[in-house]
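Remarks on the structure that follows.
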Amino acid sequence: MKINIIKFLIYNAIVICFFSCNEKYTDGYYSNGKLKIRTYYNDKEEDSVISFDVNEKVKWIKKIYNKDSLYLWDYTNGSKDKEGIMYKNSAYGKWKFYKDDVLSVVREYFWIDGQSYFNQEWHFDKAGDTVKDKGNYFKLISNNPLKTNTNEEIRFFFERPTSKYYENEMIVFYDIEFLNKSGEVQTDSGEILGVNNEVIYEVSFEDEGIFKMKGYVLEKYRFINDSTSEKISRTRKLYFDELIHVLN
């Protein structure tokens with residue numbers, strides 16, 4: 001009974017948080033008269049939708065941002081399965097996946113060449129700690145803001161390569177743009193070969209401004225085909241898009 005109360009409170013918290021300001025709504029019903037779907041409106045535009053199964057448990061909730069994007073919560077038998085942003089009917093950003101209402105996996109999706117790209121993945125145990133032998137992810141470490149007239153480091157570290165058990169190398173391909181407070185723009189691009197799954201990018205600024213760094217980490221790994229003894233090469237890209245402020 002305690003679990004059901006908690007789920008009820010969580011559901012109502014979501015409803016209050018997202019829908020309380022929207023007094024206008026319409027309902028749809030199953031043939032047995034039970035509530036099937038409730039649609040909230042912001043003026044004349046759809047704002048939020050809640051869908052129910054035949055047992056009146058929540059199936060999904062969506063918060064509509066615009067015609068291209070929304071935030072979606074998915075449920076099975078009243079328990080949350082996953083949540084995240086949908087952009088043009090595809091996953092975007094970091095999605096959370098649950099098992100028995102406990103966070104199990106986080107997957108990150110980038111929008112690349114007009115479609116959703118599965119970028120990184122983290123797994124968690126029941127205590128909420130990262131499972132080190134699962135997933136595929138890197139960490140980008142830097143000060144934010146950076147200081148002017150100081151040698152600063154932006155560090156890329158591959159914490160969980162795909163190629164954990166194979167010969168591998170890491171290359172960071174980057175495009176940078178620095179916009180100072182006077183409106184002047186400086187750009188550069190390049191690549192850096194990593195050592196021991198780490199890349200360090202060093203930078204120094206004379207002026208305050210905004211530093212944008214985007215690109216991808218290219219993971220290259222090689223392994224031997226057991227049946228043919230052929231050496232096979234594979235690659236995988238993990239994208240990043242970082243905005244860092246530069247201050248005195």
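Remarks
- Helix 2-19 axis versus longest C-alpha principal axis of the chain: approximately 80°, rounded to the nearest ten.
- Spin-label pair residue 121/residue 141, simplified geometry with 7 Å Cα→Cβ offset, distance in nm: 2.6 nm
- Radius of gyration (Cα atoms) of region 155-248, expressed as a multiple of 2.2 N^0.38 Å: 1.40.
- For region 39-92, taking the reciprocal of the average inverse distance between every pair of different Cα atoms yields a Kirkwood hydrodynamic radius of 11.7 Å.
- Distance between the modelled labels on residue 31 and residue 231, one decimal in nanometres: 6.7 nm (7 Å Cα→Cβ projection).
- Ranking of 58, 195 by solvent-accessible surface, largest first: 195, 58 (1.4 Å probe, protein heavy atoms only, all chains present).
- Difference of contour (0.36 nm per residue) and Cα-Cα distance, residue 177 to residue 44: 43.8 nm
- Set 96/212; 36/62; 80/132; 57/82; 147/181 screened for pairs whose C-alpha atoms are more than 22 Å apart: 96/212; 80/132
- If R0 equals 35 Å, the separation of the Cβ atoms of residue 206 and residue 157 corresponds to a calculated FRET efficiency of about 0.80.
- Residues 95, 60 ordered from highest to lowest accessible area at a 1.4 Å probe: 60, 95.
- Accessible area per residue, Å², the chain with all protein chains present, probe 1.4 Å: 63 Å²
- As an equivalent ellipsoid, region 56-139 spans semi-axes of 22, 20, 7 angstrom, where each value is the square root of five times an eigenvalue of the C-alpha gyration tensor, largest first.
- Net charge, residue 206 excluded, C-beta distance under 13 Å - Lys, Arg +1, Asp, Glu -1: -2
- The order of 217, 185 by accessible area, most exposed first and with a 1.4 Å probe, is 185, 217.
- Surface/4 estimate of mean projected area, convex hull on alpha-carbon atoms of region 87-203, nm²: 10.7 nm²
- Using a probe radius of 1.4 angstrom, the carbon and sulfur fraction of the accessible surface of the chain is 48%.
- Measuring only protein heavy atoms, the 1.4 Å probe finds residue 202 accessible over about 130 Å².
- Computed about the Cα centre, the dipole magnitude for the chain is approximately 1320 debye when only Lys and Arg (+1) and Asp and Glu (-1) carry charge, each at its Cβ.
- Once Rg/Rh (Cα atoms, Kirkwood Rh) is calculated for the structure shown, the corresponding label among (i) 0.94; (ii) 1.07; (iii) 0.97 turns out to be (ii).
- Working from the Cα coordinates of region 142-188, the gyration tensor eigenvalues give, after taking √(5λ), semi-axes of 32, 14, 8 Å in decreasing order.
The values are calculated or read from the model by the stated rules, or taken from the named source; none is laboratory data. Because the structure is predicted, anything quoted here is derived from the model rather than measured. Please note: Cβ atoms are built from the backbone with ideal geometry, for glycine as well, and neighbour counts cover all protein chains shown. Just so you know, the surface numbers come from the protein's heavy atoms only, side chains and all, with ligands and any DNA or RNA stripped out. Shrake-Rupley method; radii C 1.70, N 1.55, O 1.52, S 1.80 Å.
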